[in-house]
Amino acid sequence: MDASEHDLDIKLHKISGDLITDFDRSLPRFLRKNDGAGGLVVRSRVRTRETDRLISQLIDPHLPKWLPQLADAYLEHLLARRPCPPARGRLLTPLPRAICRLLYSFCKIRGEKVVVRFLPNEARYLEPLLTALEDAERVAASKKDQEQTQGQDDDEQDDPAVWSWEERYVVLLWLSHLLLAPFDLSTMSTREEADEEESGGGLPSIPGHTWPVGLPSIATRVLPIALRYLAAPGRERDASRAVLVRLAMRRDMQQLGLLDALVRWALAALRPDLNTLATDEQRTPYHYTGVLSFLGGVLKASADTQDMQSYLCDVFVAVHGMATTSASEPGSPTSSALARKAAIKVVRAVTVQLLHGTPDIPDAMDNVETAIGFLLDSLADNDTPVRFAASKALSIVTLRLEADMADQVVEAVLDALKRNVLPAKKGPAVASGAGTAAASDLSMVDPLEWHGLMLTLAHLLYRRSLPNENLPDIVRALLQGLAFERRSTSGASTGANVRDAACFGIWSLARRYYTSELLAVPTASLGGRSDESVLQVVAVELVAAACLDPSGNIRRGASAALQELVGRHPDTVDQGIWLVQTVDYHAVALRSRALRDVALGATKLSLRYGEAILAGLLGWRGVGDVDAASRRAAGAAYGIVTAELATVGSTDPAVRLTQSVTLVIDALRALETRQVGERHGLLYALAAVLDALPGVTAARAGVPQEFVRLAGDALLDILRDCDTKTYRKPELIAEAASRLIVSAFPVLKAISDPNTSSLLLGTALRTMSGTELAALARSSSDTNTTLDTFATLARSNLQRWLTSPEPEIIAAASDAAVVLALASRPADRDAVIRGWADAARARLSSKTRTTSGHFSALAAVYPLAATTAAAGRDEEKELIRDALVERWKADTWTDTRACILQSLVAGVGGSSINTTGTGPGTGGSEGWSGPLLLLRQNAEVFIELVAEGLDDYTTTARGDIGSNVRYEALRVARALWADMDTNFGQAERERLVSALFLRVLRLAAEKLDRVRAQAQATIAVLLRESQASEFRRSTFSSKGYFLFLLNLLHHPDWLHPAAATVLADPAAWMDALLSGMVTSADTGHEELVIATRTALVEFCRQQDDPSLNARNTNAICASLARNLRAWQGVDRALVPTLEVTAFLLDVGVFARCGPGVINHKNICLQVQKACYKTGNVRKIEACVKVYAGIAELGRAAEPASATATSTENVGKEDDATDKELAARRDGAREARVRLGALLFHPWPRVRSTVVDELWGLYHEEPAGRQLRSVDWARADKARIRTAVETLGLA
């Protein structure tokens, strides 16, 4: 419904300052380097990066600095004629190409007209740039010929002599800028035409083009290149068009006849039947687009002159004839939207010049009329850019027409808007929210044509081309467009363009017309009251659009139009200034906020705004939206606005509630069975109105019985409908009906007790204690037919709804279960709960349907069931607990177990859990919700389930599905720890922490981000307030986060006193932590692996005290050695442990272990056991790395041990050092033997890995030469045996 909070544009805006600073600092180094003599020289090749994500408004102050630097470096490289060295891979790019890519990026961000102004404009650069472009064209032509003759396909990206399209685009654009030089081209040409002819060059032949006599060499050299790329499909076409227009419109070129020659060539190129036309290869839509863009540019440049007067009729005939050809013909120019758009621009320019031209032009008015008809037809084009161009062209032409003819154009547009508009259908159909649109049926109109017509009206209003007499029809059309919506067969909206154009039209209307002119417009035909002005009517519709429209652009557009309306016409809109501040441009950006806060704020300002919003919420902009989340928000907004109207705008609030409920009920009855989305939204709207009943009752000092009867009958009808009908999407109906049951609790309470003076919201039941729920429960003496009928229907529906796997349905149905339990008789209530318990115990044969909803329902009704159980009947209190435990033991399916754990904390958010550290809880059992009360009162039983869930690593073809169980188990552990000071004794607290903490600690360091983040929040509950705050600030993938976990063992004062039992065993603590951390350090994403490994190394080296370093190093290494033994057979943890062990051996951590801490030979035996008869290649490779690390440790035993003895083990006996050296040598000997054995492994990949490690050990020794010049993947056993014996690996 709303934009993502992690939108890339938002992130970019936040870091844009740093990006710009970094770019500004690195640009000089990017372009130049030291020349070795104290100066700077431009580079030949550079590394490039993306810059097109910069924001245009932020880079404007830097363009005067950046662009000249780029242009100067390009010219310096070009004038020096420095050849680029051969490419060394694809990482480096030639400097000219890199500069042109940067310049193109700036053109894309800021526009070529802005960028080109900062390029050097000295005439002396014209010749070098043109020469470079010609050289690149010759190289490209020779390459192409070579590929055709020899069949070679060279990569142009590796050849700096072959230009990329960015280079051609930038240089052509630069040439167009240089052609503005005020000197004749003949004075700037360094070569004469005669010299070219003598050299054998001559003038190239261009089909359809006749060369004028006496052209300077620059013109003859530029023209062929520009004409060639005028048909290019890329951006070179735009630059070529600019070059040709600038060249043709120069006064010296016009005197030589170049403009005449180019116009005749363009006219010939638009006639496919002439022999002078270009070849078939050039007759592409891009060719026609380029020719038309050239004609449009020439006509635009000559708008205030007589240069093109003699060609206007010929150009119009050619372009109109081309534009009216059938698009189905092969190679037709009208098949391209770009060509059609360019043709419209040419027709517009010709028509404007015909209207301003001399009266002796033949057939001028006939051509104008033909052009207007052509533009009117183009308003219904299938492509949006064409409609934009046609509407703008029509408005410009209309502005220059005489009054009578302009009125005819306006009448034609208004008549087109009335075409296929039918009267609104009778009946209680859902209203559209707009008074004018509600009186019309727009289902038969063409949305594309309406978009073009709305744009035309908007442009005509903006240019004030419309007479005041047509304003009533225009305003009516704009309001219809503002509420226009059509959906395709797939459900996609096709009316957003129309509404966007209507916003532009209303904004133009408010900006260009005086207040007196608009106040004179009658409002009788607009659906407003007789005492309202047209400005007030328009303001009401804009408020509804700004609050409700599904499109963010239209909500903002309506807000902008409202601001213009109020600002330009003061004191004409009710509460105008406050309304603009409420319906703010930024406030309506988020749709959920616009539906809730903005709509409520506008309603408080005036009831008329609330009425319009309320009507719109019942239409396609509210409960009829295609998005389910939007319908939920719209339904909630309907109740909020209704409550505000009932409180402020009516003497009797019950009347307003009754009216709103009646509208919803009538709309529900008018729906077809297939309209599931609308029914879903309307049920939410009805539920929201019922939520408003307690507030209205408190203000009214009494329960409105008429409203209660109406709502009760509607509730029963809806439940009967749900019980008897089958819908296309039953999950939507089940969710909405469950919410309706919860919201109907105050109605049910009023039915059971008509004399009650206060009612409770249904949503408040989830936080009530068992005693409070028991007081609300229906007694056995209550006799009420309506309640009995409701209980029967709700029980039947919930039995089906609770089997749904959808989380939304489970959450809503479990809340509805509480209402059902309260509304049922005691005997029926016990039967219902027992039935749910039996369903929870049963394991369904099909995994497509679960009983997960019964788990949540049982947990929700637990406070009531435990409180109302008969005295001495403990089995009734234990019924729910036993059902969950039995199902857990009988069903190992991860989805079921995750649902059971989720039900224990269902409906509990972060606000319900004490997360401020280890302070006292918020209250006793009376303050706990149903699921939490079930968990607290049976903690000793459920703690075993939680511990088992924390150890669930089930993996299937779907992946690590056990992570869902671990995640939910972490939530339960967090809930247990959050308030244990208040609700548990000392022994119970120690039991809760000791049974779960090490498992949570392991998960806090494992590789899955989702699980690690939840474990971080769980551990933070046990920390002191200051440490908890610091811990939460750390990103769960950062080095600081893992260092905190590693250091936590040695700071017992950071933890809750109940963790003393866990702290008493440091070895178990470190084993659990590293069993999770090794997965992050090995199989996590790249950033996680780097952070984890860095944390491990720094933990062993970060202390200034050598004794602390030794303690940390010994703890890490000893724990890894123990885990190698403990996790044998569990590759999930064993392989990462091997990899991390090999890494720490490689970086020298194991070399600093104290004497007796590590038995290297025993490690080799554990590695051998892990490698024995395994088919896991990755595990074997990890074993090889560990063997190599131990072998290298033995080779360096003496110096490493001496260093350790002198710096870290001061005071140790010499015999201990000798024993350590001997132990390391024994371990190294065993590792070399195992490497020699693995060299005989049957898999070539394993043998290659062993050889790589052996080369690292023996590359400096003469024996290492045996490893060179041999393909060990194919070597025979004799060769391998010889190498093993030579290296001493036997």
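The values are calculated or read from the model by the stated rules, or taken from the named source; none is laboratory data. Here the structure is a predicted model, which is why all the values come from computation and not from measurement. Don't worry about glycine lacking a Cβ; one is built from the backbone with ideal geometry, like all the others, and counts go over all protein chains shown. Note: areas computed on protein heavy atoms with side chains; ligands, DNA, RNA excluded. Shrake-Rupley method; radii C 1.70, N 1.55, O 1.52, S 1.80 Å.
Filtering region 1106-1132 to residues that are small (Gly, Ala, Ser), open to solvent by 40 Å² or more (accessible area, probe 1.4 Å) and not in a loop (DSSP other than H, G, I, E, B) leaves 1107, 1126.
One residue stands out among those in region 1139-1161 that are assigned to a helix (DSSP H, G or I) and among the hydrophobic types (A, V, I, L, M, F, W, C): the one that is farthest from residue 1186 (Cα to Cα), which is 1151. Scanning region 1050-1062 for residues that are closer than 16 Å to residue 993 by Cα and surrounded by fewer than 18 Cβ atoms within 10 Å (Cβ to Cβ) returns 1052, 1053, 1057, 1060, 1061.
A count restricted to region 283-315 and to residues that are touching a Gly at 6+ places or on another chain (Cβ under 9 Å) and not in a helix (DSSP H, G or I) stands at 3. For region 772-792, how many residues meet the condition of being assigned to a helix (DSSP H, G or I) and open to solvent by 20 Å² or more (accessible area, probe 1.4 Å)? Qualifying residue count, region 772-792: 9.
Taken over region 598-635, the residue count meeting the criterion of being surrounded by fewer than 18 Cβ atoms within 10 Å (Cβ to Cβ) and farther than 14 Å from residue 574 by Cβ is 3.
Cβ-Cβ below 9 Å, separation at least six or inter-chain, first residue in region 755-767 and under 16 Å from residue 816 (Cβ atoms) and at pLDDT 80 or above, second among the aromatic types (Phe, Trp, Tyr) and assigned to a helix (DSSP H, G or I): which pairs? Short answer, once both residue conditions are applied: 760/745; 761/745; 762/745; 763/745; 764/745; 765/745.
On the stretch given as region 774-789, residues that are over 20 Å from residue 764 (Cα atoms) and in contact (Cβ under 8 Å) with a residue 60 or more places away in the chain total 2. Go through 813, 831, 869 for me and flag whichever is modelled with pLDDT of 90 or more and over 26 Å from residue 629 (Cα atoms). Answer to the check: 831. Within region 551-562, the only residue that satisfies the criterion of being without any contact (Cβ under 8 Å) to a residue 40 or more places away in the chain and open to solvent by 70 Å² or more (accessible area, probe 1.4 Å) is 556.
The residues of region 599-633 that are in a helix (DSSP H, G or I), touching an Asp or Glu at 6+ places or on another chain (Cβ under 6 Å) and over 24 Å from residue 581 (Cβ atoms) amount to a single one, 631. Every condition in (1) open to solvent by 60 Å² or more (accessible area, probe 1.4 Å); (2) without any contact (Cβ under 8 Å) to a residue 40 or more places away in the chain; (3) of a type outside the set (S, T, N, Q) is met by residue 385 except one, and the failing one is (2). Across region 975-1033, which residue is surrounded by the most Cβ atoms within 10 Å (Cβ to Cβ) among those that are charged (D, E, K, R), under 24 Å from residue 955 (Cα atoms) and out of contact with any Leu (no Cβ under 6 Å at 6 or more places or on another chain)? Applying the filter and picking the extreme gives 1006. Restricting attention to region 1143-1161 and to residues that are in contact with a Gly (Cβ under 8 Å, 6 or more places away or on another chain) and open to solvent by 10 Å² or more (accessible area, probe 1.4 Å), the residue that is nearest to residue 1230 (Cα to Cα) turns out to be 1161.
Looking only at residues in region 753-771 that are crowded, with 17+ Cβ neighbours inside 10 Å and not hydrophobic (A, V, I, L, M, F, W, C), the one that is nearest to residue 714 (Cα to Cα) is 762. Restricting to region 64-92, and then to whatever is touching a helix residue (DSSP H, G or I) at 6+ places or on another chain (Cβ under 8 Å) and modelled with pLDDT under 85, can you tell me which residue is surrounded by the most Cβ atoms within 10 Å (Cβ to Cβ)? Going through the qualifying residues, I end up with 84. Screening the candidates 1117, 1183, 1164, 1171 for the property of being at pLDDT 90 or above, over 43 Å from the mean Cα position of the chain (by Cα) and under 30 Å from residue 1240 (Cβ atoms) yields one hit, 1164. If the condition is being open to solvent by less than 10 Å² (accessible area, probe 1.4 Å) and of a type outside the set (Val, Ile, Thr), then region 484-508 contributes 484, 495, 499, 501, 502, 503, 505, 508.
Of the residues 930, 959, 924, the single one that is modelled with pLDDT of 50 or more, in contact with a helix residue (DSSP H, G or I) (Cβ under 7 Å, 6 or more places away or on another chain) and small (Gly, Ala, Ser) is 930. Name the residues in region 1129-1163 that are farther than 30 Å from residue 963 by Cβ and acidic (Asp, Glu), would you? Listed by number, the list holds a single entry, 1146.
When 661, 655, 641 are checked against the criterion of being closer than 30 Å to residue 751 by Cβ, surrounded by 24 or more Cβ atoms within 10 Å (Cβ to Cβ) and either touching a strand residue (DSSP E or B) at 6+ places or on another chain (Cβ under 9 Å) or of a type in the set (A, V, I, L, M, F, W, C) (or both), 641 stands alone in meeting it. Taking the numbered list (1) open to solvent by 30 Å² or more (accessible area, probe 1.4 Å); (2) in contact (Cβ under 8 Å) with a residue 60 or more places away in the chain in turn, residue 818 passes all entries but (1). For region 1046-1073, the set of residues classified as within 19 Å of residue 1141 (Cβ to Cβ) and touching a helix residue (DSSP H, G or I) at 6+ places or on another chain (Cβ under 6 Å) consists of 1046, 1070, 1071, 1072, 1073, listed by residue number.
Here are some residues: 307, 252, 314, 238. Which one is over 26 Å from residue 184 (Cα atoms) and in contact (Cβ under 8 Å) with a residue 40 or more places away in the chain? Exactly one of 307, 252, 314, 238 is over 26 Å from residue 184 (Cα atoms) and in contact (Cβ under 8 Å) with a residue 40 or more places away in the chain, namely 314. Pairs meeting the criteria (first residue in region 1037-1062 and closer than 22 Å to residue 1109 by Cα and free of Cβ contacts under 8 Å to residues at least 60 places away in the same chain, second residue part of a helix (DSSP H, G or I) and acidic (Asp, Glu), beta carbons under 7 Å, at least 6 apart or on different chains) are 1043/1098.
Residues of region 1247-1270 that are in a loop (DSSP other than H, G, I, E, B) and open to solvent by less than 100 Å² (accessible area, probe 1.4 Å): 1259, 1261, 1270. For region 563-597, residues that are under 25 Å from the mean Cα position of the chain (by Cα) and either open to solvent by less than 10 Å² (accessible area, probe 1.4 Å) or among the β-branched types (Val, Ile, Thr) (or both) total 4.
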